Amino acid sequence: MTSRRLPEAPMLSEAERRSLEEIEQRLLAEEPRLARTMNRRVRPWLFYALLLVFGGLTVLLTVIGAFGPAFQCLLVTAVALVLRKYPLRLR
């Protein structure tokens, strides 16, 4: 967590920066899974690619009359949208 600096870090005093680093180190030592989760990079392109592929397949399959597979692609697209709004919180 200490390798990444926030843009507002220069506004902190030296004592506050040291305190923040200490808190980050304790979090990393005590809760490594939480620290890794907070440090993950978000990949929005993966979500948009999923929507583009399955949304496009839904339209294409509907146009050619394959309603069963089109409905399945629609379900995948809908699940992706719902999970984006309400992500699963696994323990």
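The values are calculated or read from the model by the stated rules, or taken from the named source; none is laboratory data. As the structure is a computational prediction, the values presented were derived from the model and not from experiment.
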Open item on the list: Regarding segment 61-78, can at least one residue be identified that is of a type in the set (Ser, Thr, Tyr) and modelled with pLDDT of 95 or more?
Closed with: yes
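Just to check your reading of the model, which residue among 50, 57, 34 is within 20 Å of the chain's Cα centre (by Cα) and at pLDDT 85 or above? Full working, then the answer.
Numbers: 57 fails: within 20 Å of the chain's Cα centre (by Cα); 34 fails: at pLDDT 85 or above.
Of 50, 57, 34, the one residue that is within 20 Å of the chain's Cα centre (by Cα) and at pLDDT 85 or above is 50.
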